[in-house]
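Student: Could you have a look at this structure, given as structure tokens, before my questions?
The values are calculated or read from the model by the stated rules, or taken from the named source; none is laboratory data. Every value quoted in this text rests on a predicted model; they were computed, and no experiment measured them. When we count neighbours, we look across all protein chains shown, and the Cβ atoms used for this are built from the backbone with ideal geometry, even at glycine.
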Amino acid sequence: MEDLKKEFYERLSAVKTVAELDALKAEYIGKKGKITQQLKRLKDLPPEERRRVGSVLNALKKEIEAVIRERREDLLDRIKPSDPTLPGRLRRKGVGALHPIRIVANEILKVLENMGFEIGEGPEVETDENNFTLLNIPQWHPARDMQQSLYLNNGMLLRTHTSPFQIRYMKSHRPPLKAATFGKVFRADDFDATHSPVFHQIEGFAVDRDISIGSLKWTLEQIVKALFGEDARVKFVPSYFPFTEPSMEVSVWYRGEWLEMLGCGMIHPNVLKNVGIDPDEWSGYAFGIGVERFAMVKYGIEDIRHFYENDVRFLRQFRYENWV
Ligand code: DAH
């Protein structure tokens, strides 16, 4: 059997085409192949020997099958794709994957899109006016402090939240409106387990004639259920944001505790006025979701820094999420 194996490998190394490979395969493990014939002869051996020889023969057969499969891939790789109608071969090794932040964002955006939100984009470099003033954030507000905002030399700043998207969208569209965006936001924060100077938000808002807190609550419930399951519950807790009145924070009941997840509220009449929408005729709701926070809760990630270090051992764990 050792001779047979040696002989096979010698023959294999001389193979240059797929046809030759197929012939070699038939010669060894085909219906009348050398190995096949040996296997047929097993029944003539005494039981003890039959078992021993049988297991060695079967192992050799498996090995030959595997080696031939591999060699076939190699040979096919070398053939120029002269027939574009041939089916593609699936590559499992080295396939890329979506980042967990992108996976969570896509899930949220899909829910919003299905509910009729238009998905848009805003710039990462913003004017002070869009980022603060028009959002009813007065001059004295601590959010304007240089400690938290990253200003550029030209007086513009890296947006500290995605809320200026509301302003841009409302300036260029007339109500009724329903829009959302996903993107990076920047703050002069520490970089530790729970803070990062760059993170991601999803901003959504709607303006119509009879928008109520009820629509806001229902919308957020759909998002939370899509991400955390039908059993997830949401709780609204009074809060403060300059651009909403009333303002609320949403907590999600997950694995036995209430977790603060996002900010929201009814768009402040001043904000509507600032973009030329009459608050006596129109009302709206808005919400801002911290995507890292959602991802951390959903996947049980305790340190926000994992998202940015790009350690493949971390990233690989999310590979299959892409395929569902
Ligand atoms: N912009 C807020 C932040 O960055 C989050 C937020 C709160 C957005 C309430 C909203 C909202 O649209 O209504 O912390």
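Student: Quick one: which residue in L60, L21 is surrounded by 11 or more Cβ atoms within 10 Å (Cβ to Cβ), at pLDDT 95 or above and assigned to a helix (DSSP H, G or I)?
Tutor: Details: L60 fails: at pLDDT 95 or above.
Every option except L21 fails the conditions.
Student: Return the only residue of S163, S215 being within 25 Å of S251 (Cβ to Cβ), assigned by TED's automatic domain parsing to the domain that holds Y285 and more than 13 Å from the ligand (Cβ to nearest atom).
Tutor: Working: S163 fails: more than 13 Å from the ligand (Cβ to nearest atom).
None of the other options fit; the residue is S215.
Student: Within the range 233-245, is even one residue touching a residue at least 60 places away in the same chain (Cβ under 8 Å) and either outside any strand (DSSP E or B) or loosely packed, with under 14 Cβ neighbours inside 10 Å (or both)?
Tutor: Taking every residue of the range 233-245 in turn, at least one turns out to be touching a residue at least 60 places away in the same chain (Cβ under 8 Å) and either outside any strand (DSSP E or B) or loosely packed, with under 14 Cβ neighbours inside 10 Å (or both).
Student: Of everything in the range 219-258, what is within 16 Å of the ligand (Cβ to nearest atom) and of a type in the set (A, V, I, L, M, F, W, C)? Give them in sequence order.
Tutor: Within the range 219-258, L220, I223, V224, V234, F236, V237, F241, F243, M248, V250, V252 qualify.
Student: If E281 satisfies every condition in (1) over 21 Å from the mean Cα position of the chain (by Cα); (2) within 16 Å of the ligand (Cβ to nearest atom) but one, which is the exception?
Tutor: Here E281 meets the rest and fails (2).
Student: Can you work out which of the residues in the range 259-278 that are farther than 25 Å from R209 by Cα and touching a helix residue (DSSP H, G or I) at 6+ places or on another chain (Cβ under 7 Å) is farthest from the ligand (Cβ to nearest atom)?
Tutor: L259
Student: Right, another one. Kindly evaluate G288 against the criterion of being free of Cβ contacts under 8 Å to residues at least 24 places away in the same chain and among the small types (G, A, S).
Tutor: The answer is no for G288.
Student: If only one of K225, K298 is within 26 Å of T160 (Cα to Cα), assigned to a helix (DSSP H, G or I) and of a type outside the set (A, V, I, L, M, F, W, C), which one is it? Steps first, answer last, please.
Tutor: Values: K225 fails: within 26 Å of T160 (Cα to Cα).
So the residue among K225, K298 that is within 26 Å of T160 (Cα to Cα), assigned to a helix (DSSP H, G or I) and of a type outside the set (A, V, I, L, M, F, W, C) is K298.
Student: In addition: Anything in the range 163-210 that is modelled with pLDDT under 95 and β-branched (V, I, T)? List them, or say none.
Tutor: T194
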